[in-house]
Amino acid sequence: MFKVDFIDGNVITWERRGEKIRVERYDNYNPTFYINGDNSKLFKSRPWISGRENVVATKYERWRPGLSGGKTKVLRIDVSSEEKLMDVIRDLKSNFDRNSFRFYNVDFSPQFRFCLEKGLSPVPEEELQRIDLKLDRRKIADRDLSGLKINGERYGTERKATEMFRRKIRSEDPDVIMVNRGELLKLLRDKMPERFSIGRTGSFQKLAGENTVSSYGKTVHSNSRFNVPGRAVIDRSNSFLLGEATFEGLWDLVGRSYRPVQELAWASIGRVLTSIEVKKAMEKDILTPWRNWEPETPKKAETLHRADRGGFIFSPEPGVYKDVYEADFASLFPNIMVEKNISPETVCCECCKNSKVPELNYSICERRRGFISEVLEPLVNDRQRMKQKVEGLEGRERRRVQGGIDAIKWLLVSCFGYMGHAHASYGSIECHQAIQAYDREIMLDAKKIFEDEGYKVIHGIIDSIWVKDSESSPEITEICGKVTERIGIEMEYEDRFEWVAFVPRSSSPQNIGALNRYFGKREDGSIKTAGIEAEQDSKPEVVKSSQIDMIRSFDRGGVRSVIKCLEKKIGRLQNGDVAVEDLIIRKKASKSLEQYKVRNRTVDAIKRAKNKGIEIKPGQEVSFVVRNDNSSTADRVRLSFEAEGYDTEFYREQLIRAAESVLYPKGLDREDIRRRIRASETSLARF
């Protein structure tokens, strides 16, 4: 089974069996949620609840309403359909005091809830058939299907595109439709003959309209979501996970979470992690609270000060260092959560009076294993096992395993931050603080072990450490082994650099190093960068590629070689030898056009897009080329699809800024670079 559909109050599942599709209809499925409260209130309210519209049945059951404590009596409420579930909940909330009941198993998406309640794994045993559709954003806005790409092949006219799409749907009968934007499906449906159905039944559903939310200080836009019965729809523009892992790799998370692939593809990392937690909770007879909110326990000011210090940081002194080793702890934060038994019910527990958490003296339960550690341990262990296995694989199996490795990585990267999120179903700020306290202790212990063995620590952040050895120092792998043995979490030797340059903070004096801005040459000759322009998505390709060339010039000939490389790049700009696609700048809108108070290039690009009939919503990306940076109108930029000509001086300045990042460790700032370029130009003029 790979797809669940809700059509006219019925549930239909789709399963591939070789060349055939097996369809099963569930006519009497009633989604369920639970309430808990004072026993007398539950008893008195049950007859009233049972008589409400859209309530099919009620029943007392015994569940654990939290991670702590045993089972207790709760009231199960079965609802007539998924569409009516929230109506029933709103009815209950409006007719009872706010504190009368707590609600559980409420905030589940439809397909996920069905799979959980029925115990159905939505991972197909057969390989699914796919079709991949792409159309330029402007064409979608113009409702023009000419240029549609089907499985990579472009069809120039609208007639040819619709004809070929119809033929592909009928001949290949795909199980999965992948699109670059969901609106393309609606456009296709509108352009096809009336009797033609994109899905395996005649209906076509809009699941959700476009939406803009703010998350961790960033504005994120979600495009409209559409459903095609019988086929899973995956919208690349709404899928972070698909961009970070392969399609084959997504199935690893589908199996762990029971969230079908269509829902999993558009879900956030936090939502996927919560799904895995919810599935585990149900296996342990634990209900998931709705809108969980646990306030931070009152603390003394000195404890608060220590708790809010964050993870380990050892700022580097800016400069260039030769023969540097980098070592990292493998999945440090998840391993801390597993090894130290970090979970909301184990940190600051009431049954143990120890003071295990360093600095903070929080207790950690010694009588039970934490729920979060049970959730994370299989992820940590399986990813390590898959990393050992992937090297011997090829083709689709390699893509599946590597995709699983990458997908799990994002869960492990996010699990710490999500632990401190206000709306995490199984989160706790004390857990968040305890993890960072352990991190500081572990990294300080590792630093001391390296220093005791003759190494000099030049930089460290969170779970990584950069060191230089002395003539008498043991091998780096030997020291990593000692750290692993002492701490109980594996430290891996990551890289040896012939040289590495740490860049100063741009807003601080040059003797303060940036925490995560550096570049260097590995022992194998490859270049590694972090934080500088070459790693920034918004920078045009000409800047990113030029900076890598400047770094290689830095390696070959130092400052003078970088200046020569920069002059060559500027010369190409001035001669018009740079392709337009290498000049494109990509920026995300943080608000609507009317909300911007200050004019900048992004605003001009959004305004120009609006003039072309394309509305850029908050969180959406706009791509443009700077044509005349001194213009006071939207003519300052050109959208990527209409670009002609460019502002040489603007891009020249961008290249100089990229050169500054490379030469800062040698003490040269932007003005120093400009002077050297002018001196070189003067010498050439005299010659």
Spot the failing condition for Val598; the list is (1) surrounded by 17 or more Cβ atoms within 10 Å (Cβ to Cβ); (2) of a type in the set (Val, Ile, Thr); (3) without any contact (Cβ under 8 Å) to a residue 24 or more places away in the chain, and only one is missed.
-> (1)
So, in the stretch 584-622, of the ones that are among the aliphatic types (A, V, I, L, M) and not in a helix (DSSP H, G or I), which residue ends up nearest to the chain's Cα centre (by Cα)?
-> Ala589
What number of residues within the stretch 582-595 satisfy the criterion of being among the acidic types (Asp, Glu) and surrounded by 13 or more Cβ atoms within 10 Å (Cβ to Cβ)?
-> 1
Kindly indicate whether any position in the stretch 603-614 is under 30 Å from Lys139 (Cβ atoms), crowded, with 20+ Cβ neighbours inside 10 Å, modelled with pLDDT under 90 and not hydrophobic (A, V, I, L, M, F, W, C).
-> no
Of all strands (runs of 3 or more DSSP E) fully inside the stretch 410-528, the set with 1 or more residues that are among the hydrophobic types (A, V, I, L, M, F, W, C), exposed (fewer than 14 other Cβ atoms within 10 Å of the Cβ) and not assigned by TED's automatic domain parsing to the domain that holds Val106 is none
How many residues, within the stretch 5-18, are at negative phi and out of contact with any Asp or Glu (no Cβ under 9 Å at 6 or more places or on another chain)?
-> 2
What about Leu663, is it modelled with pLDDT of 90 or more and of a type in the set (A, V, I, L, M, F, W, C)?
-> yes
Residue check, Asp97 against (1) modelled with pLDDT of 90 or more; (2) over 31 Å from the mean Cα position of the chain (by Cα); (3) not in a helix (DSSP H, G or I), all met but one. Which one?
-> (1)
Residue among Arg90, Arg102, Arg16, Arg52 that is within 30 Å of Arg396 (Cβ to Cβ), more than 29 Å from the chain's Cα centre (by Cα) and at pLDDT below 95 = Arg16
Are there any pairs, at least 6 apart or on different chains, whose C-beta atoms fall under 7 Å, with the first in the stretch 672-687 and modelled with pLDDT of 80 or more and the second surrounded by 10 or more Cβ atoms within 10 Å (Cβ to Cβ) and acidic (Asp, Glu), and if so, which?
-> Ile673/Glu660; Ile677/Glu567
The lone condition Asp5 fails out of (1) under 37 Å from the mean Cα position of the chain (by Cα); (2) touching a residue at least 12 places away in the same chain (Cβ under 8 Å); (3) surrounded by fewer than 19 Cβ atoms within 10 Å (Cβ to Cβ) is (3)
Matching residues, the stretch 279-317, being assigned to a loop (DSSP other than H, G, I, E, B) and at pLDDT 75 or above = Lys284, Asp285, Leu287, Thr288, Trp290, Arg291, Phe312, Ser315, Pro316, Glu317
For the stretch 153-210, what are the residues that are free of Cβ contacts under 8 Å to residues at least 12 places away in the same chain, surrounded by 17 or more Cβ atoms within 10 Å (Cβ to Cβ) and assigned to a helix (DSSP H, G or I)?
-> none
Hand me the list of strands (runs of 3 or more DSSP E) wholly inside the stretch 1-64 holding 1 or more residues that are among the hydroxyl-bearing types (Ser, Thr, Tyr) and touching a strand residue (DSSP E or B) at 6+ places or on another chain (Cβ under 6 Å).
-> 10-17, 20-26, 32-37, 55-63
Is one or more of the residues making up the stretch 356-371 part of a strand (DSSP E or B) and either crowded, with 17+ Cβ neighbours inside 10 Å or over 24 Å from the mean Cα position of the chain (by Cα) (or both)?
-> yes
Any chance Ala534 is modelled with pLDDT under 90 and surrounded by 15 or more Cβ atoms within 10 Å (Cβ to Cβ) = no
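The values are calculated or read from the model by the stated rules, or taken from the named source; none is laboratory data. Model, not experiment: these values are computed from the prediction. Cβ sites come from the backbone with ideal geometry, for glycine too, and all protein chains shown count toward neighbours.
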